[in-house]
Every structure is written in structure tokens, then in C-alpha cells.
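Derivation of every value follows stated rules applied to the coordinates shown; laboratory data play no part. Bear in mind that the values here come from a model prediction, so they are computed numbers and not experimental data. Here the Cβ positions follow ideal geometry from the backbone for every residue, glycine too, while neighbour counts run over all protein chains shown.
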Amino acid sequence: MKKQLGMGLILAASLISNVQAADRPVRLASDFTYPPFNYKDEQGTPKGFDIEIADALCQEAKLKCVWVAQSWDGLIPSLLARKSDAIMASMRITEERKKRVLFTEKYYQTPARFVARNNAGISIDKAGLDGKRIGVQLGTIHDRYVTDMYGDVAKIQRYTGQDEVYLDLASGRLDAAFGNSDQLALAFLDKERGKGFEFVGAAVTDKAYIGEGTALALRKTDKALAEKFNQAIQKIRENGTYDRIASKYFNFDIYGE
């Protein structure tokens, strides 16, 4: 009798837990430091391409979603610690990250590039970057790339937010910056503070670093949720919602090949 009662209590607790899990909103994590993809306006409201795409995906998948803020280097640890349910922060799909998280299908794909002052005479090789100060966002694929490729000759300066990179680049405290080509163009080169700067060197497309596209990241056990997002990505691509949102931010194909 006690054994049956115990099993009944366990079953009841399990059912309650499942109901709570079903009712709980999907917590989307971002660092909100990466305009025009993800940032907060003066009122503290999440804005940007990532944000609008996520809102469209949640609506399509009939999911109640809420945003939570997390520093970039804490996004994956926070996800694995169950403080969030999905990362929506322009995170690239890489082999290293796939060991820890489950990615959805991509929702955009862009190369990475270096930016420096016009006619600075910087060549993107070890000789040209010897002793140069290169700014990158801490813990990103861009950080890993410049560290692996030029960390033995250049001075790598790491920042918690991309906007901090631009501030030091414009003020002359950096010789170059490396990052997502579209973000560099839209948030820096096309702005007043970016006047007098240009892309230098060729676009970096090495998948070992740049990855296979940008996607949502989830815990590996959350395959059902990942599939809901995958189906939603496909649907907003088919019904025109994706293109409508993208056209507000870009005058080129952000989705890529």
C-alpha cells in the first residue's frame, strides 16, 4: 500500500512538473550589445533584426517567449545552467560550439572582415599586423580567429560589447577591428563615427572559424523545441515574413547561400 501510494505521489509530481514546464515561457537570451541585430532602445526595449526574427518565430510556432539579458561569454553557461532556454544573439554555428549545444537551422550567414583607417597601409598578414592593436568582442569566433592567426604578433584587445570596440577604434586606441562584415558596415562604417575607415583585406569565410551560419542555440536535450523553431524558420522564409523583416535592416541578402 505504501509502495503504491509512493508511486502515485511520484506520478502526480511528474504530471505537475510537466504542466509547469508546458506553461512556462520560452526564455530567449541575448547580450543586447550588437546593433542592428540585437540591442536595447532608450526605454530598455529589445530591438533589432534578431529580436524581430525571434518574435516572428515564436508567433509562428505558437510559443510564448520572453527575453533575458546575459553577457556574451555567459550565454552558453547560462543556457546549460537552465537560466535560459534558447540563445538568440547572432551566434554562429561552429564545430566547437556544437559539442556543447544544439543549433537550429541558420537564419542568416555572413563573412567576417577587418576594418582600419583609410590608407593606413595595414596588410592582413603577420608582417602587416605585427605590433598592431586589434579590437574584438570577447569570447566570439572573431576573438578566436585573430588569436589563433595573429595572437603571436599583434596585440589583441578584447571587449565585452561590440560598441566598445568601435569607440576605441574611432578614438585611435586601436589600429584595426575584426568582426561580422555586415555589423561592421551597418553599425560603424555607415555611421558618422566610421567616416575615414574602410574594410581591409579579403573577407574571411573559413567555416572552421566563421561557422556554417547563424542560428538559435539550445540544450541538446531540447530537440522538440529546436524542431519547432526549425519549422518556423522555414515557414517565415516561405511566407515572406523573413524578407519583410530583413528589408528593414539590409539592402542585400542577409540569408546567404
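Some observations on this one:
- Dipole of region 112-210, positive end: most advanced residue of Gln162, Ala203, Ala127 [Cβ charges, Cα centre]: Ala127
- Protection proxy ranking of 39-47, 168-176, 139-147, by the mean of other Cβ atoms within 10 Å over each peptide's residues and highest first, is 139-147, 168-176, 39-47.
- Over 25 Å between alpha carbons, listed pairs Lys98/Lys223; Lys99/Lys223; Lys106/Lys220; Lys106/Lys126: Lys106/Lys126
- Placing a pseudo-label 7 Å from each Cα along the Cα-to-Cβ vector at Ala203 and Lys223 gives an inter-label distance of 3.5 nm.
- Antiparallel DSSP beta bridges within the chain, percent to nearest 5: 60 percent
- Taking a sphere under 10 Å around the Cβ of Ala177 and counting the other residues whose Cβ falls inside, with K and R at +1 and D and E at -1, yields a net charge of 0.
- Whole-Å distance, taken between Cα centres, linking region 22-72 and region 184-248: 14 Å
- Cα gyration tensor shape for region 112-210, rounded if a/c is under 1.5, else prolate or oblate: rounded
- Going through [x] 83, 40, 36; [y] 53, 46, 38; [z] 53, 39, 37, the figure that equals Cα extents along the principal axes in Å as computed for the structure here is [x].
- Scanning residues 5 or more positions from Thr160 or on other chains, those with amide H under 5 Å from its amide H are Leu138, with H placed 1.01 Å from N in the peptide plane.
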